[in-house]
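Working notes, beginning with the structure itself.
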Amino acid sequence: MKLTDGAGVDCAIEAVGFPETFELCQSIVAAGGTIANVGVHGVKADLHLEALWDRNITITTRLIDTVSTPMLLKTVRSGRLEPNKLITHLFHLDDIMSAYDTFGNAADTHALKVMIKATG
């Protein structure tokens, strides 16, 4: 808030799926701003309408899907996104149940992105 002289940010991106980071986004979004919620939430996260109702904010949610995949691939091809920096865990296909368990417990395992390797 100090960086914006108390006005807040135009867009706050919640990308980790923790209640604390969602609350942080709510506390720093400017009037008329957007909270882009892309984190995968495994537990309840409170929306503080009592503090936001008069701010005219927008909240968007999205995961990577067939609509957003082309844009994501273009971003990777251009070099603006380096996916190897996002991968925190690597599993072989025969250990896929451990991969699901690791990603499902991301708060404890600190998994950001899990990569499944099909061979060797």
Within the stretch 72-113, residues being hydrophobic (A, V, I, L, M, F, W, C) and within 19 Å of residue 14 (Cα to Cα) number 9
Against the condition under 15 Å from the mean Cα position of the chain (by Cα), closer than 30 Å to residue 6 by Cβ, in a helix (DSSP H, G or I) and among the aromatic types (Phe, Trp, Tyr), how does residue 103 come out, does it pass? no
Could you check the stretch 45-61 and list, in sequence order, the residues that are part of a loop (DSSP other than H, G, I, E, B), out of contact with any strand residue (DSSP E or B) (no Cβ under 7 Å at 6 or more places or on another chain) and more than 18 Å from residue 104 (Cα to Cα)? 46, 47, 48, 53, 54
Considering every residue within the stretch 19-36, establish whether at least one is under 29 Å from residue 2 (Cα atoms), part of a loop (DSSP other than H, G, I, E, B) and charged (D, E, K, R). no
Among 77, 55, which is out of contact with any Phe, Trp or Tyr (no Cβ under 9 Å at 6 or more places or on another chain), touching a residue at least 24 places away in the same chain (Cβ under 8 Å) and basic (Lys, Arg)? 55
If I ask for residues that are farther than 18 Å from residue 109 by Cβ and surrounded by fewer than 16 Cβ atoms within 10 Å (Cβ to Cβ), which ones from the stretch 29-44 would you list? 31, 32, 38, 44
Over the stretch 52-69, the set of residues charged (D, E, K, R) and surrounded by 11 or more Cβ atoms within 10 Å (Cβ to Cβ) is 55
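Every read-out reported here was derived from the displayed coordinates using simple, explicitly stated rules and does not represent laboratory data. Values in this document were obtained by computation on a predicted structure and should not be read as measured data. Ideal geometry is used to build each Cβ from the backbone, glycine not excepted, and the neighbour counts take in all protein chains shown.
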